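The structure under discussion appears below in the form of structure tokens.
Please treat every number below as a calculation from the coordinates, not as lab data. What you see is a predicted model; the values in this text were computed from it and never measured. Note that each Cβ is placed from the backbone with ideal geometry, even for glycine, and that neighbours are counted across all protein chains shown.
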Amino acid sequence: MDRKKFIQLSSSATLFTLFGGVSWLLEGCKKTAMNMAKSISVNSGNFDNPLRLLPVLNGASPINFTAKQNQTTIIKGKISNALGFANDILAPVIKVNNGQTVSINVTNQLEEKTNIHWHGLIIPENMDGHPQYTINQGSSFNYQFTINQKAGTNWFHPHPHLTTGKQVNKGLAGMFIINDTEEAALNLPSGEFELPLIIQDRRIYSDGSINYSPEAEDVMSGYFGQYVCVNGSWSAYHNIKTKIYRLRLLNGSNARVYNLSFSNNLDFNIIGSDGGLLSATQTTNSLLLSPGERADVLVDFSAVTVGTEIYLQSNSFNGGDSQGSESFKILKFKVTEQITETFTIPTSLAVFNPIPSSQAIKTRSFDIANNHSGGHGGMNMGSSSSIHKIGGKSFDMDRIDETVTAGTTEIWEFDNSAGADLHPMHLHGVHFQVLSRVGGRGIILPHETGWKDTVLCMPNEKVKIIMTFPNNLGKFAFHCHNLEHEDSGMMLNYKII
Ligand code: C2O
Ligand code: CU
Ligand code: CU
């Protein structure tokens, strides 16, 4: 079946009538084929908008951010009411060296509480942006912390309880890049050849407005948008030279998983995962990236003929009941200039020591299947907002769900074997390694061979991770990074003592 036809077949009208509208919702989130996303077909456009290049701030100097509404253009000719930390959608990229102290003053000019969670940074509890620490409307907070971790592609976004999905979807997010000497020795592509790319789908109305307004079915599956944006640009192109580029890919979407590939089948040479560089470059031509995950990749455009147009695209995949049915293009690279490339892609990258599983003093297992087919609808149990759970529990700001000891190693297992929906599971405050995946895909993927903070658990999968807790005492969150799942309760607290 050709791509066009596939998209037509999976278009909204077909699926919606096939599954009989929304009446099933009242039954709760059952494990049936009806646990279906609100059908939103991706609108790819003509790829004639220039890609927004995010400004870069040096994190060595104090940074001032203001969370506020800004007018921006995502669809030509239409004004969108986006949120941002500066004067446009999103935020400038923060770049900092390991060892530096960072000071970011955040002023809240929204009409509600906000805060910033530094996703991937290992920092003290009171700087991490747990939902218990929010900034009131009209107030400011100074985030200050010293970087003590390896080079890597991290990010940041608000984390107030119940409104994370809304604030991220409307544009509050940014990339936080850490450099170090180990990375510098590799002489990786930089300047115009290093591109931070934040991929996010948005639901935009015909007047250009981004009015995040999830219905019950969006809460169930996640909020999908028809406009897949990169750095807040939709249907964009970027002119490139015949060189090797470093793409820092971040899936900053609320719920959508992308099965990335290039239209001409170019390789992703994966050099880094969430928490930094891999030990060795891993080459693949398809890269499944779930919300919250990052992939640091080198792409070799040096042998491509000038004039060629290459799309970064997402192919269909088997993603449970609500994801993967559609293929679509995301970003166009136009090769416009021939220059000589002398850089070669390194094979060996950084020191990476696998944590032996024998080091673990404890294993904890969490049922994340959210399979309520036993007759009780998930929405009838507990509070009305707690549709999604971890281990049968939904988020309680003050409850400590797990207690761990600093310096000790544990294995945690996320068990989605009875689940119908996928869940990217994320831990604050610690980096982990993926130990095993049983069931489902049954393998550890190339981009999962390094330090991680978010791991995708597909239906039928049990994923084990291993980690040593750092010496930052206090309460941290762990949750599903499908932000509608998170906001509807799929988050718990753990405490490091
Ligand atoms: Cu990026 Cu608690 O999340
Ligand atoms: Cu996080
Ligand atoms: Cu989830």
> Tally Lys and Arg at +1 and Asp and Glu at -1 over the other residues with C-beta under 15 Å from the C-beta of residue 309: what net charge comes out?
Replying inline: +2
>> Just to be sure I understand the model, the point goes 7 Å from the Cα along the line to the Cβ. What's the resulting residue 316 to residue 443 distance in nm?
In response: 2.2 nm
>> If packing is taken as the average number of other Cβ atoms within 10 Å across a peptide's residues, how do 108-116, 453-461 rank, most packed first?
In response: 453-461, 108-116
> Around residue 119, which amide H atoms from residues at least 5 apart in sequence, or from another chain, sit under 5 Å from its own amide H, with H modelled in the peptide plane?
Replying inline: 155, 156, 157
> So how far apart, in nm, are the two label points at residue 497 and residue 352 if each is 7 Å from Cα heading toward Cβ?
Replying inline: 3.5 nm
> According to a simple spin-label model (label point 7 Å from Cα along Cα-to-Cβ), what is the distance in nm between residue 364 and residue 408?
Replying inline: 1.1 nm
> Given Cα pairs under 8 Å that are at least 6 residues apart, what percent is the relative contact order of the chain?
Replying inline: 16 percent
> For the stretch 442-451, in order, what is each residue's ³J(HN,Hα) by Karplus, 6.51 cos²θ - 1.76 cosθ + 1.60 with θ = phi - 60°, in whole Hz (x at glycine and Pro)?
Replying inline: x, 9, 9, 7, x, 7, 9, 8, x, 6
> Is any residue of the stretch 312-338 close enough, with backbone N under 20 Å, to a label point placed 7 angstrom from the Cα of residue 239 along the Cα-Cβ axis, and if so, which?
Replying inline: 312, 331-338
> Per-residue HN-Hα couplings for the stretch 63-70, Karplus 6.51 cos²θ - 1.76 cosθ + 1.60 at θ = phi - 60°, whole Hz, x for Gly and Pro?
Replying inline: 10, 10, 10, 10, 7, 7, 7, 10
> Under a 5 Å amide H to amide H cut-off, with H placed in plane at 1.01 Å, what residues pair with residue 325 once short-range neighbours are removed?
Replying inline: 317
>> Give me the extension gain from residue 61 to residue 265: residue separation times 0.36 nm, minus the current Cα-Cα distance, reported in nm with one decimal.
In response: 69.3 nm
>> Past 25 Å, Cα to Cα: identify those pairs from 78/241; 166/362; 95/452; 68/332; 113/332; 150/389, in the order given.
In response: 78/241; 166/362; 68/332; 113/332; 150/389
>> Starting from the Kirkwood Rh over alpha-carbon pairs, what translational D in µm² s⁻¹ does the chain have by Stokes-Einstein at 4 °C and 1.567 mPa s?
In response: 57 µm²/s
>> On a full-extension model of 0.36 nm per residue, what is the gain between residue 418 and residue 396, subtracting their alpha-carbon distance, rounded to one decimal in nm?
In response: 5.5 nm
>> Whole-Hz ³J(HN,Hα) for each residue in the stretch 294-308, computed from phi via Karplus 6.51 cos²θ - 1.76 cosθ + 1.60 with θ = phi - 60°, x for glycine and proline: what do you get?
In response: 10, 9, 9, 10, 9, 10, 8, 9, 5, 9, 7, 6, 4, x, 6
> Relative contact order for the stretch 352-496 using alpha-carbon pairs under 8 Å, separation at least 6, rounded to a whole percent?
Replying inline: 32 percent
> Counting pairs of alpha carbon atoms under 8 Å apart in space and at least six apart in sequence, what relative contact order in percent does the stretch 136-236 give?
Replying inline: 23 percent
>> Around residue 485, under 10 Å between beta carbons, what's the net of Lys plus Arg minus Asp minus Glu among the other residues?
In response: -3
> Around residue 349, which amide H atoms from residues at least 5 apart in sequence, or from another chain, sit under 5 Å from its own amide H, with H modelled in the peptide plane?
Replying inline: 280, 281
> How much length is gained on full extension from residue 216 to residue 76, taking 0.36 nm per residue of separation minus their Cα-Cα distance?
Replying inline: 47.3 nm
> Got a sec? Which residues in the stretch 331-346 would a label at residue 306 touch, if it sits 7 Å along Cα→Cβ and we count backbone N under 18 Å?
Replying inline: 333-342
> In Å, what is the Rg of the alpha-carbon atoms in the stretch 191-337, and how long is Dmax?
Replying inline: 15.8, 49
> Rounded to the nearest 500 deg cm²/dmol, what is the calculated helix-only ellipticity per residue at 222 nm for the chain, with -39500 (n - 2.57) per DSSP H run of length n ≥ 4?
Replying inline: -1500 deg cm²/dmol
>> Within 13 Å, Cβ to Cβ, of residue 438, how many net charges do the neighbouring residues add up to if Lys/Arg are +1 and Asp/Glu are -1?
In response: +1
> Which whole number in µm²/s is D for the stretch 49-184 by Stokes-Einstein, with the Kirkwood Rh taken over Cα pairs at 4 °C and 1.567 mPa s?
Replying inline: 85 µm²/s
